[in-house]
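What follows is a single structure, written as structure tokens, with notes after it.
The values are calculated or read from the model by the stated rules, or taken from the named source; none is laboratory data. Source: prediction; values computed, not measured. Cβ placement follows ideal geometry from the backbone for every residue including glycine, while neighbour counts extend to all protein chains displayed. Protein only, heavy atoms only, side chains kept; ligands, DNA and RNA dropped before computing areas. Shrake-Rupley method; radii C 1.70, N 1.55, O 1.52, S 1.80 Å.
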Amino acid sequence: MSDLESLILDPQRVAELMRLHEAVNATARPATFELPTAIQQKFLQIHSFFISKPQHELLRRLTVEGGARSDWLTSFLNAVLMDVQEGLACCYYHLHNLEEIESQVIATALSEFATIEFKPGSGVGGGNTRKLNFEYQAFNFAIRRTLEYLAKSINLFFKREGTSFKRLAHTIRGADAVVLSDSVIERTEKLREELKEFFSEGQYQSVRDTLAHIKTIPAGHLFARPFQNAIEVKFSVFDQSPDDADFATERVITTTDSTVFGFLRITPSMMSKLTKVENAIFELYELIGIYSTAEAAE
């Protein structure tokens, strides 16, 4: 009798194993975070492509059996399903935390400022907003490394080594599967322009590079003032130009009793940045043939 047959015939043992599994899941739950379902489904589709039989020629060419000098497939699979997926999940985690903090700030402002009368031209700022700052900074690090992981995965698909998104078009030029590499190069060069805010160039320093090499950048300092017959609550950034201030993205008007509040929020800008990166990931994966938008829509 096999171990599996013994297990099936022993309900007590089955119950013990199920309880053990439940205990492990319960213990891990405080540390659990999941990607949005739509993105999970995209990576599941890619996973299905990797394990499908017979193995697709696009993947077989990355194996020793398929003619490669070494095993590129394992590294490619790990880069896509581990590095890129985990990097994207990290971005969403920090965005989620930013949204939670921002929502709490707005809810508290509705309560605390409801009965305060501001004189024209007056205002008040201050408070400890480190949580917001730390999540904002972590988000910028996460989004940049996700792009570098993406570059690593594309390089591996073309049997090249490299982790620089800025240099991706250069490193895969003339690579194996030339027809595919030419189309990826063309799209990557356009993406580099579309995603230029994430990379330093000339005198411009990205938020991530400034944080990593030069100085800290706060998400903003809490500031409240009267504004157009309302009370405006915002995170004001004093050491950035208005064009670079991530917080100044959306005004939300909320009325409570007789007081109107305007909130300048940071999360819409962060979501816009993340959407750009997410789109770049699946556009490039579709170009190399491991993901299909049409299949995802079915």
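For the pair SER269 and GLU117, what calculated FRET efficiency results from E = 1/(1 + (r/R0)^6), where r is the Cβ-Cβ distance and R0 = 22 Å, to the nearest 0.05? Mind dumping the intermediate values first?
Values: r = 31 Å, r/R0 = 1.42.
Between GLU117 and SER269 the formula returns 0.10.
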For the stretch 80-162, the accessible surface attributable to carbon and sulfur atoms (probe 1.4 angstrom, ligands and nucleic acids excluded) amounts in percent to 51
Here, ALA68 and THR216, labelled 7 Å along Cα→Cβ, have an inter-label distance in nm of 4.4
Here the gain from full extension of VAL178 to SER52, 0.36 nm per residue of separation minus their alpha-carbon distance, amounts to 42.9 nm
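Would you mind getting me the FRET efficiency between ASN78 and GLU100? Use the beta-carbon distance for r and R0 = 22 Å, nearest 0.05. Can you show the working numbers first?
Values: r = 31 Å, r/R0 = 1.42.
Plugging the Cβ-Cβ distance into 1/(1 + (r/R0)^6) gives 0.10.
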Counting every C-alpha pair in the stretch 91-160, the percent lying more than 18 Å apart is 60
Given 179-185, 142-148, the highest-first ranking by average Cβ count within 10 Å works out to 142-148, 179-185
Given the candidates HIS56, LEU20, CYS90, the one whose Cα lies deepest towards the positive end of the charge dipole of the stretch 1-143, counting +1 at each Lys or Arg C-beta and -1 at each Asp or Glu C-beta, is HIS56
Given the candidates PHE223, HIS213, LEU191, the one whose Cα lies deepest towards the positive end of the charge dipole of the stretch 190-231, counting +1 at each Lys or Arg C-beta and -1 at each Asp or Glu C-beta, is PHE223
Across all Cα atoms of the stretch 80-122, Rg and the largest Cα-Cα distance (Dmax), in Å, are 18.3, 56
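With the Cα gyration tensor of the stretch 1-138 in hand, convert its eigenvalues to equivalent ellipsoid semi-axes via √(5λ) and list them largest first in whole Å. Walk me through the numbers on the way to the answer.
On the way: eigenvalues 473, 154, 27 Å².
In descending order, the three semi-axes are 49, 28, 12 Å.
Ratio of the stretch 84-214's C-alpha Rg to 2.2 N^0.38 Å, to two decimals? If you can, show how the numbers build up before the last one.
Working: Rg = 20.8 Å, N = 131, 2.2 N^0.38 = 14.0 Å.
The value comes to 1.48.
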Mean separation of Cα contacts under 8 Å (at least 6 apart) over the residue count of the stretch 20-88, i.e. the relative contact order in percent, is 19
Packing-ranked peptide list from 28-36, 284-292, 68-76, 49-57, highest mean Cβ count within 10 angstrom first, is 284-292, 68-76, 49-57, 28-36
